[in-house]
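In what follows, a single structure is set out as structure tokens and then discussed.
The values are calculated or read from the model by the stated rules, or taken from the named source; none is laboratory data. None of the values given here were measured: they were computed from a predicted structure. We place every Cβ from the backbone using ideal geometry, glycine too, and count neighbours over all the protein chains shown. Remember, those area values only see protein heavy atoms, side chains included, never the ligands or the DNA or RNA. Shrake-Rupley method; radii C 1.70, N 1.55, O 1.52, S 1.80 Å.
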Amino acid sequence: MKQVRKAIIPAAGLGTRFLPATKALAKEMLPIVDKPTIQFIVEEARKSGIEDIVVVDGKNKRSIEDHFDSNPELEDNLRAKHKDEMLKLVEETTDINIYFIRQSHPRGLGDAVLTARDFIGDEPFVVMLGDDLNNINNNGNALTKELIDSYHQTGASTLAVMRVPHEDTAKYGVINPSAEVEKGLYNVTNFVEKPDPKDAPSDLAIIGRYVFTPEIFDVLAKTKPGKGGEIQLTDAINTLNKTQRVFAHEYTGDRYDVGNKFGWIQTNIEYGLQHPQTKDELREYIKNLGAKLSAEDQKKTK
Ligand code: UTP
């Protein structure tokens with residue numbers, strides 16, 4: 001069986017939920033405290049044994065390329081001032097096999113994945129969405145590593161899912177599981193895009209990490225635009241599932257949705273509470289804020 005060595009990070013979306021910040025700035029460069037979200041993804045890929053990464057980018061995404069490039073002027077300056085820790089942080093992001101491909105029109109996630117076909121060739125690969133972070137404080141397993149381990153057992157395309165509150169199913173792609181073949185690994189009848197809670201076949205939501213066999217490319221090439229006029233990855237997965245087994249792997253670790261404003265703020269707080277330079281002050285601040293908000297609430301109820 002071929003090993004999973006390559007990853008696609010689709011990053012060509014318009015990021016409309018973060019306007020106006022994303023008018024000129026790539027959504028993937030929004031920081032969690034001091035680290036751009038895409039750097040967490042790249043670190044997860046490397047921890048999971050990925051050797052080559054391709055980022056599918058679009059307009060306004062040059063900052064992503066610059067972030068993973070060297071910056072000799074900055075590096076010389078830090079070296080001259082003996083700021084060794086900072087220099088290490090800057091240099092860490094350049095020693096990576098990372099490549100960039102343009103998606104000329106944002107025709108959907110399925111189209112973004114298809115754009116990277118020549119880079120991947122005839123081997124299994126992972127897709128990692130920048131909106132979803134997991135295990136940011138390194139106290140559990142990287143989700144991509146779990147998926148790759150699962151692939152090496154089954155040889156089948158596998159999606160990551162997580163249990164979500166039933167009323168939230170309309171925010172996600174949801175699986176219709178037919179059987180739990182082993183703990184946390186499901187056979188799937190079909191995948192449903194953003195179902196109304198009353199129609200949702202389960203509470204297991206797709207969370208932005210996938211491992212695919214290369215056959216997905218032939219399917220994507222034939223997939224017609226679906227919801228929103230975009231080529232939907234979920235449609236292609238449904239088609240693939242008719243000719244090959246597709247599994248869902250349930251993740252039970254920490255997961256953060258940084259693609260919406262509240263999730264992004266929440267992630268900053270969680271990460272800030274572990275970060276050596278912010279944790280003490282932030283903890284104190286949250287305690288004081290909590291007390292202030294309770295006092296305000298009490299006043300309101302009087
Ligand atoms: P989203 O649906 O989150 O879209 O895409 P978006 O444009 O990034 O954000 P909003 O909803 O407008 O705020 C899911 C993932 O697919 C990528 C995005 O970059 C994101 O990682 N994508 C989406 C593409 O690469 N190309 C596309 O045409 C669409």
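Filtered by the rule that a residue be over 21 Å from Ala21 (Cβ atoms), within 16 Å of the ligand (Cβ to nearest atom) and among the small types (Gly, Ala, Ser), segment 55-106 gives a lone residue, Ser104.
For segment 120-131, the tally of residues that are touching an Asp or Glu at 6+ places or on another chain (Cβ under 8 Å) and at pLDDT 95 or above stands at 1. Looking across segment 1-21 at every residue that is part of a loop (DSSP other than H, G, I, E, B) and within 11 Å of the ligand (Cβ to nearest atom), the one that is nearest to Gln103 (Cα to Cα) is identified as Ala12. Name, by its number, the condition in (1) farther than 19 Å from Ile8 by Cβ; (2) of a type outside the set (A, V, I, L, M, F, W, C); (3) touching a residue at least 40 places away in the same chain (Cβ under 8 Å) that does not hold for Ser178. Answer for Ser178: the failing condition is (3). If the condition is being outside any helix (DSSP H, G or I) and open to solvent by less than 60 Å² (accessible area, probe 1.4 Å), then segment 152-173 contributes Gly155, Ala156, Ser157, Thr158, Leu159, Ala160, Val161, Met162, Val164, Tyr172, Gly173.
Restricting Lys224, Lys198 to those that are over 21 Å from Gly13 (Cβ atoms), over 23 Å from the mean Cα position of the chain (by Cα) and open to solvent by 80 Å² or more (accessible area, probe 1.4 Å) reduces the list to Lys198. Criterion first (within 16 Å of the ligand (Cβ to nearest atom) and open to solvent by less than 80 Å² (accessible area, probe 1.4 Å)) does Pro124 satisfy it? Judged against the criteria, Pro124 is not a match.
For (1) among the charged types (D, E, K, R); (2) more than 15 Å from the ligand (Cβ to nearest atom), each residue gets a yes or a no:
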| position | (1), (2) |
| --- | --- |
| Val192 | no, yes |
| Lys198 | yes, yes |
| Pro201 | no, yes |
| Ile207 | no, no |
| Lys227 | yes, no |
| Thr234 | no, no |
| His249 | no, yes |
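Mind listing just one residue for me: the one in segment 133-152 that is modelled with pLDDT under 95 and under 16 Å from Glu250 (Cβ atoms) and, of those, farthest from the chain's Cα centre (by Cα)? Among residues in segment 133-152 that are modelled with pLDDT under 95 and under 16 Å from Glu250 (Cβ atoms), the one farthest from the chain's Cα centre (by Cα) is Gly140. From the list Tyr256, Tyr251, the lone residue that is open to solvent by 20 Å² or more (accessible area, probe 1.4 Å) and in contact with a helix residue (DSSP H, G or I) (Cβ under 6 Å, 6 or more places away or on another chain) is Tyr256. Please tell me if Ile41 is within 16 Å of the ligand (Cβ to nearest atom) and closer than 20 Å to Lys88 by Cα. Yes: the conditions hold for Ile41. Just to verify a result, which residue in segment 22-38, among those that are of a type outside the set (A, V, I, L, M) and within 13 Å of the ligand (Cβ to nearest atom), is surrounded by the most Cβ atoms within 10 Å (Cβ to Cβ)? By that ranking, first place goes to Glu28.
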